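These notes are about the structure you will find just below.
The values are calculated or read from the model by the stated rules, or taken from the named source; none is laboratory data. Just so we're clear, the structure is a prediction, and the values are computed from it rather than from any experiment. FYI the Cβ positions are ideal-geometry reconstructions off the backbone, even for glycines, and counts take in every protein chain you see. Just the protein is used for accessible areas: all its heavy atoms, side chains included, with ligands, DNA and RNA removed. Shrake-Rupley method; radii C 1.70, N 1.55, O 1.52, S 1.80 Å.
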Amino acid sequence: MTYRFSQVDVFSSDPCLGNPVAVILDAQELDDATLRRFSVWTNLSECTFVLPPTISGADYRVRIFSMNLELPFAGHPTLGTARAWLDAGGVPANDGMIIQECEAGLVPIRIEGDLLSFAAPPLQRSGPVDPQLADELLDILGADPARVLDMQWLDNGPGWVGVLMDSAQSVLDLWPDASNYPGRWDIGVIGAHPEGSEKAFEVRGFFTEGTEPLREDPVTGSLNASAAQWLIATGRATAPYIAGQGSAMGRNGEIFISAQDEQLWVGGRAEVILSGTANL
């Protein structure tokens, strides 16, 4: 059967310099095995499938896969799915606001011209990292402990652990290797740019999938959401600010962090690059 398909570039003003997500629309006839097989086949960090909502007030339901693993929430797939849904003719029930249903619950998405912003979800796990895990993270990152300012659980669904470094350059200089530590890893690294820079922070996100080597995600909405919550709560940042991600991969990710009525919003531009049908 054929299904409407879009591939959306998220979190960049420049086409093909953000993070792509594959979106299958009207996916209610697909079984779980097909969802996972297609997600792995795309070889993208995430793939999403749009379904009719099951919760009152939602405009649509989405299932989010990172290769084989289904995620309760992820940031750039949220914005990419919203853009694909709008591009395919979706009309939100509330003007200027999409309500997305996912495993983590209902996620509001603001529409402000070509900028889409999701409400940062609450953390599922926070707090300090135990010493053994901290040592393993430092070894994987190849980071000089003297350049690490803090570590914190930043899990809002994908399982992130945050590592705050002394500068954006220290973040960009990392060459991580998790080959000595098999298993699932979700590591976010953050460092401040010099004062007065256009982008306040540089962010990098690393993850593993099964037995595969550590991969870098070009631009990561969920990580930037939880990192912003951490940085603002500890007085290291104030909203609004712009974070950068993807520089180490030749991308130009721009994440717009803002706050309104005590709600933190994570925004970016999203553009449909490819559209057509998928034969599944």
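Coupling constants for region 19-26 follow from the phi torsions by the Karplus curve (6.51 cos²θ - 1.76 cosθ + 1.60, θ = phi - 60°), and in residue order they are 10, x, 9, 8, 10, 9, 8, 6 Hz; glycine and proline get x. Helix 221-233 and the longest principal axis of the C-alpha atoms of the chain enclose an angle of approximately 50°.
Note on the chain: GNM, Cα springs under 10 Å; of GLU112, GLU202, GLU216, the largest mean-square fluctuation is that of GLU112.
Across region 236-245, rounded Karplus estimates of 3J(HN,Hα) from the backbone phi angles (6.51 cos²θ - 1.76 cosθ + 1.60, θ = phi - 60°) give 8, 8, 10, 8, x, 7, 10, 9, x, 8 Hz, Gly and Pro being marked x.
Charge dipole (Cα centre; +1 on Lys/Arg Cβ, -1 on Asp/Glu Cβ; no other charges) of region 134-270 amounts to roughly 320 debye.
Rounded to whole numbers, the Karplus 3J(HN,Hα) couplings from phi for region 45-59 are 5, 8, 9, 10, 10, 9, 10, x, x, 10, 10, 4, x, 7, 7 Hz, using 6.51 cos²θ - 1.76 cosθ + 1.60 with θ = phi - 60°, and x at Gly and Pro. A Cα-only calculation for the chain places Rg and Dmax at 17.9, 56 Å.
With a 1.4 Å probe and all protein chains left in place, how much of the accessible area of region 197-245 comes from carbon and sulfur atoms, in whole percent? Please list the in-between numbers first.
On the way: 910 of 1670 Å².
Percent of accessible area from carbon and sulfur atoms in region 197-245: 54.
For LEU30, nonlocal amide neighbours, meaning residues 5 or more places apart or on other chains whose placed amide H falls under 5 Å from its own, do not occur. Close amide H contacts of TRP153 (hydrogens built in the peptide plane, cut-off under 5 Å, sequence separation of 5 or more or a different chain): GLY127, VAL129, GLY162.
For CYS16, CYS102, what's the largest-to-smallest order of accessible area, 1.4 Å probe?
Numbers: CYS16 85, CYS102 10 Å².
Ranking CYS16, CYS102 by accessible area, largest first, yields CYS16, CYS102.
The Cβ shell under 13 Å around GLN245 holds other residues with a net charge of -1, Lys and Arg each +1, Asp and Glu each -1. Between the Cα long axis of helix 75-87 and the first principal axis of the chain there is an angle of about 30°, rounded to the nearest 10. The Kirkwood hydrodynamic radius of region 73-127, based on inverse pair distances between different Cα atoms, is 11.9 Å. Under 5 Å from the amide H of ALA237 lie the amide H atoms of ILE232, each residue being 5 or more positions distant or on a separate chain, with H modelled from the backbone and absent for Pro and chain starts.
Per residue, how many Å² of accessible area does region 161-280 show with a 1.4 Å probe? All intermediate terms of the calculation are to be shown ahead of the outcome.
Working: 5290 Å² over 120 residues.
Value returned for region 161-280: 44 Å² of accessible area per residue.
Computed about its Cα centre, the charge dipole of region 1-135 is approximately 120 debye, with only Lys, Arg, Asp and Glu carrying charge at their Cβ.
For the pair region 180-210 / region 1-74, the C-alpha centres are spaced 23 Å from each other.
Can you give me the accessible area per residue for region 10-149, using a 1.4 Å probe, in Å²?
On the way: 6020 Å² over 140 residues.
Here the per-residue accessible area is 43 Å².
Please say if region 81-204 is rounded, prolate or oblate, where rounded means a/c under 1.5 for a ≥ b ≥ c the square roots of the C-alpha gyration tensor eigenvalues, and otherwise the choice is prolate for a/b larger than b/c and oblate otherwise? Note, shape of region 81-204 comes out prolate. To put it simply, the accessible area of region 1-147 at a 1.4 Å probe is 50 percent carbon and sulfur.
With contacts taken as Cα pairs under 8 Å and at least 6 residues apart, the chain reaches a relative contact order of 22 percent.
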